[in-house]
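Undergrad: My questions all concern the structure below.
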Amino acid sequence: MERAEAYGFSGAMSGAFLLSCLLFAAVSRRQRGPYMDEVFHVPQAQAYCQGRFLQWDPMITTLPGLYLLSVGMVKPAAWLLGWTGSVVCSVGMLRFINLLFSAGNFYLLYLLLFRIHQKNKAVSGFQRILSTLTLAMFPTLYFFTFLYYTDPGSVFFTLFSYLMCLYGNHKTSALLGFCGFMFRQTNIVWTVFCAGNVIAEKLNEAWKIELQKKKDEKISSRKGSFSDLTRIVQFLVEYIMSPKNLVTLAALTWPYIILVSLFFVFVFINGGIVVGDRSSHEACLHFPQLFYFLSFTVFFSFPHLVTPTKIRKFLVSLRKHPVQYSLVTVICLFLIWKFTYVHKYLLADNRHYTFYVWRKVFQRHELVKYLLVPFYIFAGWTFADMLKSKSIFWILMYFVCLLAVTVPQKLLEFRYFILPFLIYRLNIPFLSLYRQLMELAFYILVNAVTLYLFLNRTFQWENSDEVQRFMW
């Protein structure tokens, strides 16, 4: 890092942390007590603070990583600073932990951008800092900086694990992946993704050797015709069928294999992936979740994904391949028809944005969900188009993990999209400075509106005296 970039990064990170502290103070003044899921998280952490480690709220569905870490941070700080009484493990103190995670995420996002795009010499230090600031302000994640939720810590350990994987420290990466798993069980998918990065790199090397042997310049490891895809599938099958190759891959990814094996042991002993209340978190094949995620990504990355050039390219592709797009359309319609699920929380809780998205869009008419298919296809096309700089094997690994982390979820919840979105956004190319500034301005606007609604547009339910607030 050059000196000017180091100063710029320090200034951006310090400024972002100061702003977060001011907003944190505003949120803590207006909402002093636990809110929403904090009603479960805060008492559980406070029980751990008091040494009652066998006490467990059956409504909590995640493992106790957040509470264990909270005790490990707050107790030593209280001892050093002489804090006693109610201030130790208070709501404000517990929420402050996520403010620290937010600062950690800022630093990790910068390091990841630097590592992933290090070969692109056209990217300036200012662009890296600007992209870091933008992603650190990603609205769905940034909002939970100010509440005691698992999201900031979950993202921190997953991004840290991904960074260590990219630097080849796979044992450290697996250990951090275990920490991420302790925050949210579905993070095991991103442990698989880290192993997939290693495998994709080896596959890409072997594929290039294969091309060189055959001296066929027409075949690309990134994109091509149907015949190219057939040859890649054939290559994959042959590669995997080789015991020597499997041993090589196992030797490279054994820390991840151990962690995934422990995960399956946990699932077997626990009787499922969810701890606590399982009735509201049943797994199912909810394929439209992929369409919702693509729409979510287009919305939050529209300066990158929705441009006149991309729209023209999509229309050209549509004219060139009408049969393929017709087949994709039929498949999408079928998946929406047979695999759309509506969770009871989505219909009942009017404090979440998803409630209004569903009511204002999808519940307007039965046909709306089908009429959105052309937009889903465009979203999928532009989403994939931005990844064309990655190898076909990396793209395959990412999409497998994306399906694994979204499709089994019955509840439409934007928080579930945070990690797949961030990993995608980290890996797409840098665009013009103008588009980056547009993206940052959009994130700031969304955050400002969300926090304004949360703090000032309160309401009450008929059967409750508690103040209700809008949130993600």
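Undergrad: Would you kindly state how much longer the chain becomes between Met59 and Tyr452 on full extension, computed as 0.36 nm times their sequence separation minus their alpha carbon distance, in nm to one decimal?
TA: 138.5 nm
Undergrad: Against the longest principal axis of the chain, how steep is helix 392-406, in degrees 0 to 90 to the nearest 10, with axes from Cα atoms?
TA: Orientation of helix 392-406: about 40 degrees from the principal axis.
Undergrad: If you add up the charges near Ala206, with Lys and Arg at +1 and Asp and Glu at -1, over every other residue whose beta carbon is less than 11 angstrom from its beta carbon, what do you get?
TA: For residues surrounding Ala206, the net value is -1.
Undergrad: If you don't mind, there's one more thing I want to ask. May I ask you to give the percent of accessible area on the chain that is carbon plus sulfur, with a probe radius of 1.4 Å?
TA: Summing carbon and sulfur atoms, their accessible area is 67 percent of the total for the chain.
Undergrad: Still on this structure: Quickly work out the Leu367-to-Glu201 label distance, labels modelled 7 Å from Cα along the C-beta direction, and quote it in nm with one decimal.
TA: Calculated label separation equals 5.2 nm.
Undergrad: If each residue of separation counts as 0.36 nm, what is the full-extension length gain between Cys284 and Ala77 once their alpha-carbon separation is subtracted?
TA: 70.2 nm
Undergrad: Follow-up. What net charge do the residues around Leu440 carry, taking every other residue with its C-beta under 15 Å from that of Leu440, with Lys and Arg at +1 and Asp and Glu at -1? Before the final figure, lay out the partial values.
TA: Values: positive: Arg128, Arg425, Arg435; negative: Glu439.
Around Leu440, the charge tally is +2.
Undergrad: Related question: Considering the options Phe393, Asn187, Tyr48, tell which one lies farthest towards the positive end of the dipole of the chain, charges being +1 on Lys and Arg and -1 on Asp and Glu at the Cβ, about the Cα centre.
TA: Result: Phe393, furthest along the dipole toward the positive end.
Undergrad: Suppose each label sits 7 Å from its Cα in the direction of the beta carbon; what would the Val400-Val265 distance come out to in nanometres?
TA: That separation, rounded to one decimal, is 2.3 nm.
Undergrad: Measuring from label point to label point, each 7 Å out along Cα→Cβ, what is the His321 to Ala122 span in nm?
TA: With each label point 7 Å from Cα toward Cβ, the separation is 2.4 nm.
Undergrad: Quick check: the angle from helix 65-81's long axis to the longest principal axis of the chain, C-alpha only, nearest 10 degrees?
TA: The answer is roughly 50 degrees.
Undergrad: Keeping to pairs on different chains or 8 or more places apart, tell me how many lysine pairs in segment 282-430 have Cα atoms under 17 Å apart.
TA: Number of lysine pairs found: 9.
Undergrad: Which angle from 0 to 90°, rounded to the nearest 10, does the C-alpha axis of helix 288-300 make with the longest principal axis of the chain?
TA: For helix 288-300, the angle is close to 80 degrees.
Undergrad: If you count only protein heavy atoms and use a 1.4 Å probe, how large is the accessible surface of Glu466, to the nearest 10 Å²?
TA: 130
Undergrad: Which one, (i) 175; (ii) 156; (iii) 194, gives volume of the Cα convex hull per residue in Å³ as derived from the coordinates shown?
TA: For volume of the Cα convex hull per residue in Å³, the calculated option is (i).
Undergrad: Using only Cα atoms, locate the centre of segment 68-124 and the centre of segment 1-45, then give the distance between them in Å, rounded to an integer.
TA: 9
Undergrad: I would also like to ask the following. In segment 348-388, which residues have a backbone nitrogen under 19 Å from the label point lying 7 Å from Thr307's Cα in the Cα-to-Cβ direction?
TA: 378-388
Undergrad: What's the extension gain from Ser10 to Val467 if we count 0.36 nm per residue and subtract their Cα-Cα distance?
TA: 160.6 nm
Undergrad: With a/c under 1.5 counting as rounded, go ahead and sort segment 353-472 into rounded, prolate or oblate using the C-alpha gyration tensor (a ≥ b ≥ c being the square roots of the eigenvalues; past the cut-off, prolate if a/b is larger than b/c, else oblate).
TA: Prolate is the answer for segment 353-472, as a/c is 1.5 or above and a/b outweighs b/c.
Undergrad: Count charges around Leu141 for me, please; just the other residues with Cβ under 9 Å from its Cβ, Lys/Arg as +1, Asp/Glu as -1.
TA: Working: positive: Arg415; negative: Asp151.
With Lys, Arg at +1 and Asp, Glu at -1, the net is 0.
Undergrad: Right, something else. Does segment 408-472 come out rounded, prolate or oblate by the C-alpha gyration tensor, with a ≥ b ≥ c the root eigenvalues, rounded set by a/c under 1.5 and, if not, prolate when a/b is larger than b/c and oblate if not?
TA: Note, shape of segment 408-472 comes out oblate.
Undergrad: Nearest 20 debye, what's the magnitude of the dipole of the chain about its Cα centre given +1 on Lys and Arg Cβ and -1 on Asp and Glu Cβ?
TA: Result for the chain is approximately 1240 debye, rounded to the nearest 20.
Undergrad: Please flag any cysteine in the chain that has no other cysteine's Cβ under 4.7 angstrom from its own Cβ.
TA: Cys21, Cys179, Cys284, Cys332, Cys401
Undergrad: If you wrap a convex hull around the C-alpha atoms of segment 282-430 and split its volume per residue, what is the figure in Å³?
TA: 125
Undergrad: Let me ask something else about it. From largest accessible area down, sort Glu238, Glu2; use a 1.4 Å probe on the protein chains.
TA: Output order, biggest surface exposure first: Glu2, Glu238.
Undergrad: Can you give the accessible area of Asp465, probe radius 1.4 Å, in Å² rounded to 10?
TA: 140
Undergrad: Just to verify a number: FRET efficiency for Asn245 and Asp385, C-beta to C-beta distance, R0 = 35 Å, to 0.05?
TA: Values: r = 31 Å, r/R0 = 0.88.
Step by step, r from the Cβ atoms, then E = 0.70.
Undergrad: Taking the Cα centre of segment 282-430 as origin and charging only Cβ (+1 Lys, Arg; -1 Asp, Glu), how large is the dipole, in debye to the nearest 20?
TA: 360
The values are calculated or read from the model by the stated rules, or taken from the named source; none is laboratory data. Predicted model only: the values in this text are computed from it and were never measured. Every residue, glycine as well, gets a Cβ built from its backbone with ideal geometry; the counts of neighbours run over all protein chains shown. The protein model used for the area step is the full one, side chains on, heavy atoms only, and it has no ligands, DNA or RNA in it. Shrake-Rupley method; radii C 1.70, N 1.55, O 1.52, S 1.80 Å.
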